[in-house]
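Notes to accompany the following structure.
The values are calculated or read from the model by the stated rules, or taken from the named source; none is laboratory data. Note that this is a predicted model, so its numbers are computed, not measured. No Cβ is skipped: glycine too gets one built from the backbone with ideal geometry, and neighbour counts run over all protein chains shown. These accessible areas exclude ligands, DNA and RNA; they are computed on the full protein's heavy atoms, side chains included. Shrake-Rupley method; radii C 1.70, N 1.55, O 1.52, S 1.80 Å.
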Amino acid sequence: MASTGTAVAGGRPRALRWAPYLLISPTVLLIAVFLVYPIGSVLYYSLQHYNLTKPWANGFAGLANFREMLFEDPLFWTSLGFTAKWVVAEIGLQLVLGLALALIVNESFIGRGLARAMVFSPWAVSGVLTTGIWILLYNPTTGIVRYLGAPEAAVLGNPDTVFGALVLTELWRGVPFFAILLLAGLQGIPGELYEAAAVDGAGRTRRFLHVTLPHLRDAIVLATLLRSVWEFNNVDLIYTLTGGGPAQVTTTLPLYVAQRAIDSKDFGYGSALTTAGFVILLFCSLLYLRLSRFGADHKG
């Protein structure tokens, strides 16, 4: 019979109860340091007047930053509207083009390995290097745009063309992400399903609609969700190409946060903007997962 204090129900030593917690404690500590603490800091400063250029006015602000953001700052709504437009355009086009590329490189043909490497290579290029390449391409005197119009045309300086130029640049970097994930999903579809569909007389279109797409559903949901979050938080590409211009027409919400918090040193208001972006992303992500029924059994 085990002595009191050395065993628990089932004959397990009492000390073993703490073993799982000890094993996960390093991970919990890292999460607390690198995730919980930064989020808590942002929430705290969002309730403060904290501007390095006006230290005499610093102090508790309550909801003043949020009141200013919602009712007195038109650039907040402008940047939020452009962010939504940017995310919808990028995710829609990246999904369609990425799926098309995945279907192409999933087929058997000579040089398929090289083709896959060419398709996926832009994803390995850093954002700043990508924008450097496209700045050279968009240069009105030395880039390829001089062959598309007047030599003095500045694609990135024209409000009518800058959005299309930004979308094209990000497509070059973002389409491979969708192609990679969707190709992995395509390779997991049993070939017997296509054979059975062909025996039943289903053509290529019907096989795509009734076999391919249903089996790619979770992969599409995951890819669009992850990429939507990344595109919402996109700063490096837009900042490097346009800096939010011309006339703030390409300023996204994260870029506006950078302008207020880093350039203007208004960390209190910048934290309030960050909190708003966090709440918007969290709400949209949960709603999207709920409506898409991600991970649920889609049979029948």
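Peptides 45-55, 100-110, 280-290: what's the order by average Cβ count within 10 Å, highest mean first? Mind dumping the intermediate values first?
On the way: 45-55: 16.5, 100-110: 14.3, 280-290: 12.5.
Descending mean neighbour count gives 45-55, 100-110, 280-290.
Of the accessible area of the chain, with the probe set at 1.4 angstrom, what percent is carbon plus sulfur? Numbers along the way, then the final one.
Details: 12360 of 17760 Å².
Here carbon and sulfur together make up 70 percent of the probe-accessible area.
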**Message:** Taking θ = phi - 60°, what integer Hz values does the Karplus form 6.51 cos²θ - 1.76 cosθ + 1.60 yield along segment 68-79, in sequence order, with x for Gly and Pro?
**Reply:** 5, 4, 7, 10, 10, 10, x, 5, 4, 5, 5, 5
**Item:** Under Karplus coefficients 6.51, -1.76 and 1.60, residue-wise ³J(HN,Hα) of segment 38-44 in Hz, glycine/proline x
**Value:** x, 5, x, 5, 5, 4, 5
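Any idea of the accessible area per residue across segment 73-291, 1.4 Å probe, to the nearest Å²?
Details: 11160 Å² over 219 residues.
Accessible area per residue: 51 Å².
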**Asked** Roughly how many nanometres apart are two label points built 7 Å out from the Cα toward the Cβ at TYR147 and THR53?
**Response** 4.5
**Message:** Taking amide H atoms as placed 1.01 Å from N in the peptide plane, list the residues 5 or more away in sequence, or in a different chain, whose amide H sits under 5 Å from that of HIS49.
**Reply:** GLY59, PHE60, ALA61
**Request:** Within segment 34-51, find all residues whose amide N lies under 18 Å from a label point positioned 7 Å from the Cα of SER264 along Cα-to-beta-carbon.
**Result:** 45-51
**Prompt:** For segment 143-255, what's the relative contact order in percent, using C-alpha pairs closer than 8 Å and at least 6 residues apart?
**Reply:** 29
**Item:** Burial order of peptide ranges 234-244, 78-88 (average beta-carbon count within 10 Å, highest first)
**Value:** 234-244, 78-88
**Message:** Taking 8 Å as the Cα distance limit and 6 or more residues as the minimum spacing, I'd like the relative contact order of the chain as a percentage.
**Reply:** 26
**Message:** Given the DSSP H assignment, sum -39500 (n - 2.57) over each helix run of at least 4 residues in the chain and divide by its residue total; what's the result at 222 nm in deg cm²/dmol, nearest 500?
**Reply:** -19500 deg cm²/dmol
**Prompt:** Where does segment 234-300 land on the Kirkwood hydrodynamic radius, alpha-carbon pairs, in angstrom?
**Reply:** 13.9
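For TYR44 and ILE133, calculate 0.36 nm times their separation in residues minus their Cα-Cα distance, and state this gained length in nm to one decimal.
Numbers: separation 89, 0.36 × 89 = 32.04 nm, distance 3.98 nm.
Taking TYR44 through ILE133 to full extension adds about 28.1 nm, to one decimal.
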**Fill in**
With R₀ set to 35 angstrom, the calculated FRET efficiency between the beta-carbons of ILE31 and GLU68, to the nearest 0.05, is 0.60
**Prompt:** Roughly how many whole Å is it from the C-alpha centroid of segment 68-87 to that of segment 218-256?
**Reply:** 13
**Prompt:** How far apart, in nm, are two points set 7 Å out from the Cα along the Cα-to-Cβ line at GLU195 and at ASP218?
**Reply:** 2.4
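Mind checking the dipole of the chain: about its Cα centre, +1 per Lys or Arg Cβ, -1 per Asp or Glu Cβ, Debye to the nearest 20? Present the calculation step by step, with values, prior to reporting the outcome.
Details: 20 positive and 17 negative charges, 177 e Å.
The dipole of the chain has a size of about 840 debye.
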